[in-house]
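First the structure, in the form of structure tokens, and then the observations on it.
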Amino acid sequence: MAKHMTRKATRHVNQNEGLIFEKSSPGKAAWKLPPLDVPEVDTKQLLGSTERKHLGNMPEVSEIEIIRHFTRLSTWNYAIDLGMYPLGSCTMKYNPRVNEVVSRLDGIANGHPYQPEKISQGAMRIMKTLSDCLTEITGMDAITLQPAAGAHGELTGLLMVRAYHDSKAKSRKKVLIPDSAHGTNPATAAMVGYGIENLKSNSAGIVDIGVLEAQMTEDVAALMLTNPNTLGVFEEEIHKIADILHAKGGLLYMDGANMNALVGKVRPGDFGVDLMHLNLHKTFSTPHGGGGPGSGPVAIKKFLEPFLPKPVLKSKSDGTLGFDYDRPQSIGRVRSFYGNFGMFVRALAYILANGPDGLRQTTEDAVLNANYIRKGLEGTYDLPYASPSMHEVVFSDKLQAKKGVRTMDIAKRLIDYGFHPYTTAFPLIVPGAMMIEPTESESKEELDLFIEAMQSIAQEVEEDAELVRTAPHSTRVSRLDETAAARKPILRWKPENTTS
Amino acid sequence: MLKAMGARSIDDLFEPIPVEYRLNRDLKIPRQMAESEIVDWFRERSRENGDGHATFLGAGAYYHYRPVIIDSLISRGEFLTAYTPYQAEISQGTLQSIFEFQTMICELTGMDVANASMYDGSTAAAEAVMMAVRLTGRRNVAIARSVHPEYREVLATYAFHQGMPTATVPFAETGRLDGKALEKAITAETACVLIQSPNFFGTIEDVQAISEIAHAKGAMLVVSIAEAVSLGIIEPPRAADIIAMEAQSFGVPLTFGGPFCGVIATREAYVRQMPGRLVGQTVDRNGKRGFVLTLATREQHIRREKATSNICTNQALVALMANIFMTIYGKVGFKELAKQNLAKAAYAAQQFGKHANVLFNAAPRFNEFVVQTSEDPYAINSRLLGHKIVGGLPLKKFYPELGNASLWCCTELTTRSMIDTAAGLIAESERSQEAGEEEPSVEEVAK
């Protein structure tokens, strides 16, 4: 192994662990109920034929076994807490622990969504304060916190776009989406019943104004734009983009996935965006938790307010807060209750911990870190677009591909160096993309280690390409057979397919 | 660092942003706070939020005990601060735990496959219905009126923009779905029937009978389960084609309504139309067992506009809570837990029924029931709140035809003394109503 490798990571023992079902045996238990303080019931009499007779293969295990089981499993994961996690467009920043503490305070964790408004003022105050902060940060006029994730926010936003056009009795048929967009954008537009029209990027990797002008018609409901885009490039001609859309009555929807490049420095509401979603689990530090929960608030301009999902939080004349359900033009509900409230608590704690200065500096540091990596790796890896980078930088595997090493191989080799890989093969407009987003959380030392690792891998590609092509070499399992998994899916454990 | 990249100041890096749009002032948000101040601020909000109240509320959000090891385990940074397990080699912990989650959901629901999670029960139900639309090639949907009203609202939002006509099927005197009305509601264009069991009133539906009616006309049956603990003692809806669940009852805190944990489970034949992530078992290049995200060709990052859904981020960490909860209670504990819920609700219904009208007694129920009082339930609840107890959910907003009805829930955490206190206040209310005492203004007491 290369000489640098020991600087960041060392191999050490981790425990083997089977499936929980394989540890189960009758009589083991990790639960205890208090004595019943009401009369026992005759279940057969109460339930008749609806009574359940058996619980299948549910496990029976002890508490220490459960602790060890999940602790052992956890050690097989990489996480932000272990090191840099430079997944482009995912904004894997530090998840402050105070957020976890305040979200578990009794009145917050045990608040029932239907408890009387009188004893829900604390929760509503949290929602109101967060809403105010987010509308100020985005430069918009109003917001809904209801959507449960970014893609859900997109859905909510496009439903509002649709409701808006319908209210003008001019339904429109399609949505423009740049070829650099996240897959959720076209999937969302399809769910809302819109046709999708692809918008080809120009040679700088941004929206081609000429192309947009040609494709913009009165049939276009909206443009879904990520800014900075998925190349990490700010759409410099954003004002022209907005003007072209607005001139033909279309709306500018911004995918806020990359908001970590903008907070405190520039506000989408000021550059012509009509509506946008935020990802609290990206920009505002709520934990990704292995894939969720997220939260995808949608911030809007005033003219879209009638269409907000209901209920809408309102301030009452007596100074208390309440929910307004009387919204005749609302698109309706997109989720039960009020959204992923626990994520609101965490995001607000993050905003309070930063304040105006902290948020601005966060953005500056995120952009600084990405550019530092760009500088450090320029020349070693191909930079397909020379446009200036904001919070993330996209390289390609063009130089290494000559030796038969692709972006996924380099990504897998990074694992051996103690890093989580960058985002591979996205955006689609860059063949062999390597999309790197360090976030503000990383120190110069960690960034230097990363640059060193990437340079070392590039060297390995020249000297021993096979080593990289067969990586990772230090993990419990390596290069799992995904084709076999999809061809004959095994999606659950069954007693007969136990193996060790 | 700036020097290393040949920049003079940080502003150089923001040059791509047109000058006229740059923000040259501080954001108008609260000033930076110290950790101690943040904790104090939220403690204050916690106190304003019903801290220390006991509750009879259920209605899709259930107050069950959460064994402490759930939080010990999900707080491990390796679970908490990991991303979606796309890089299988360094995500086996998350992947194996999801595989176990999928397995236990299958065991509990009687289905063949379950996904890694959906946002919540309401969106899971809406996505399950859209899945049935794709599977049958039909576009109409029949929805039981006894499905959670907010789930129906979410479905209406999704369905309206998909151009899917919906028919609402009423409930009968028993609280169960009206079978005759259902037969009339299903046409040759009906993709599926959506019911909930136990339904919004806590009543357990005759799933077998409903499935026969639906299947006879080529429609699928989608069953929503909002109170997952019921699966410990209630026969799962094995006749369903798709089950859309809310797993919040499995160790997930109420947190004012979210994050919760939706899940979709179905039969093997339908898996390729299922939305959401799936984890599958496979082997690595050395033949060692391992787990990967699989059947990704259903998903948005591969299929874009042709995906089964736009869902990307799901509720993974919440699913892990549910997973640990299911592991703790397991084969025996689950049944005992569910039995306690059943016993508490049976006792409460019996006590309340001595003074007021408990509805839908003719069909079995789990841990919720509907009570009709002479007085407006807001007024009774207001008095109960004086005892630091939150009463049942008044149903007027959702079911005006039921008059002064409210929906009460008892779990293993509901004490006999809470039940007796509430029963006492209901008895008092009925006595004073009978005596014709002046009714206090509802607005006044509800405040």
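The set of residues in the stretch B:370-394 that are over 30 Å from residue B:67 (Cβ atoms) and more than 11 Å from every other protein chain (Cβ to nearest Cβ) comprises B:370, B:371, B:372, B:373, B:374, B:375, B:376, B:377, B:379, B:380, B:383, B:386. Among residues of the stretch A:21-59 being among the hydroxyl-bearing types (Ser, Thr, Tyr) and more than 18 Å from residue B:350 (Cβ to Cβ), the one that is nearest to the other protein chains (Cβ to nearest Cβ) is A:50. Of the residues making up the stretch A:180-198, just one is more than 24 Å from the chain's Cα centre (by Cα) and more than 10 Å from chain B (Cβ to nearest Cβ), namely A:197. On the given criteria, is residue A:483 within 11 Å of chain B (Cβ to nearest Cβ) and touching a residue at least 60 places away in the same chain (Cβ under 8 Å)? No; evaluated as a whole, the condition is false for this residue. Residue under question is residue B:313, and the condition is that it be more than 8 Å from chain A (Cβ to nearest Cβ), at pLDDT below 95 and under 22 Å from residue B:101 (Cβ atoms); does it hold? Against the criterion (more than 8 Å from chain A (Cβ to nearest Cβ), at pLDDT below 95 and under 22 Å from residue B:101 (Cβ atoms)), residue B:313 does not qualify. Filtering the stretch B:38-47 for residues that are in a loop (DSSP other than H, G, I, E, B) and more than 7 Å from chain A (Cβ to nearest Cβ) leaves an empty set. Among the residues making up the stretch B:119-155, those that are among the hydrophobic types (A, V, I, L, M, F, W, C) and closer than 23 Å to residue B:203 by Cα are B:124, B:125, B:126, B:128, B:129, B:141, B:142, B:143, B:144, B:147, B:154, B:155.
Does any residue of the stretch A:58-76 turn out to be in a loop (DSSP other than H, G, I, E, B), of a type in the set (Phe, Trp, Tyr) and farther than 30 Å from residue A:438 by Cα?
No, the stretch A:58-76 contains no residue that is in a loop (DSSP other than H, G, I, E, B), of a type in the set (Phe, Trp, Tyr) and farther than 30 Å from residue A:438 by Cα.
Keeping to the stretch A:393-408, report how many residues are surrounded by fewer than 24 Cβ atoms within 10 Å (Cβ to Cβ) and within 13 Å of chain B (Cβ to nearest Cβ). The qualifying residues number 1. Residue check: is residue B:277 buried (at least 23 other Cβ atoms within 10 Å of the Cβ) and of a type in the set (D, E, K, R)? Considered against the rule, which asks whether it is buried (at least 23 other Cβ atoms within 10 Å of the Cβ) and of a type in the set (D, E, K, R), residue B:277 comes out as yes. Candidates B:157, B:168, B:174: the one that is outside any strand (DSSP E or B), more than 11 Å from chain A (Cβ to nearest Cβ) and farther than 30 Å from residue A:93 by Cβ is B:174.
Each residue in the stretch A:413-456 was checked for being out of contact with any strand residue (DSSP E or B) (no Cβ under 9 Å at 6 or more places or on another chain), under 21 Å from residue B:91 (Cβ atoms) and without any contact (Cβ under 8 Å) to a residue 60 or more places away in the chain, and 2 of them qualify.
The criterion of being buried (at least 21 other Cβ atoms within 10 Å of the Cβ), away from every other protein chain (no Cβ under 13 Å) and either closer than 25 Å to residue A:178 by Cβ or not hydrophobic (A, V, I, L, M, F, W, C) (or both) does not hold for residue A:450. Would it be correct to say that residue A:17 is within 9 Å of chain B (Cβ to nearest Cβ), touching a residue at least 12 places away in the same chain (Cβ under 8 Å), touching a His at 6+ places or on another chain (Cβ under 7 Å) and among the acidic types (Asp, Glu)? Here the answer is yes, as residue A:17 does meet what is asked. Take the conditions (1) touching a strand residue (DSSP E or B) at 6+ places or on another chain (Cβ under 7 Å); (2) surrounded by fewer than 24 Cβ atoms within 10 Å (Cβ to Cβ); (3) at pLDDT 95 or above; (4) more than 16 Å from residue B:306 (Cβ to Cβ); residue A:201 misses just one of them, which is (3). Within the option set B:145, B:66, being in contact with a strand residue (DSSP E or B) (Cβ under 6 Å, 6 or more places away or on another chain) and among the basic types (Lys, Arg) holds for one residue only, B:145. Whether any residue in the stretch B:77-95 is at the interface with another protein chain (Cβ under 8 Å from one of its Cβ atoms), part of a loop (DSSP other than H, G, I, E, B) and over 25 Å from the mean Cα position of the chain (by Cα) is what I want to check. Yes, some residue in the stretch B:77-95 is at the interface with another protein chain (Cβ under 8 Å from one of its Cβ atoms), part of a loop (DSSP other than H, G, I, E, B) and over 25 Å from the mean Cα position of the chain (by Cα). Scanning the stretch B:272-301 for residues that are in a helix (DSSP H, G or I) and more than 7 Å from chain A (Cβ to nearest Cβ), we see that the one that is nearest to residue A:17 (Cα to Cα) is B:296. Restricting attention to the stretch B:103-152 and to residues that are of a type in the set (S, T, N, Q) and more than 8 Å from every other protein chain (Cβ to nearest Cβ), the residue that is farthest from residue A:155 (Cα to Cα) turns out to be B:109.
Scanning the stretch A:382-392 for residues that are farther than 17 Å from residue B:6 by Cα and surrounded by fewer than 24 Cβ atoms within 10 Å (Cβ to Cβ) turns up A:382, A:383, A:384, A:385.
The values are calculated or read from the model by the stated rules, or taken from the named source; none is laboratory data. Predicted model only: the values in this text are computed from it and were never measured. Neighbour counts are summed over all protein chains in view; Cβ atoms, including those assigned to glycine, are modelled from backbone coordinates with ideal geometry.
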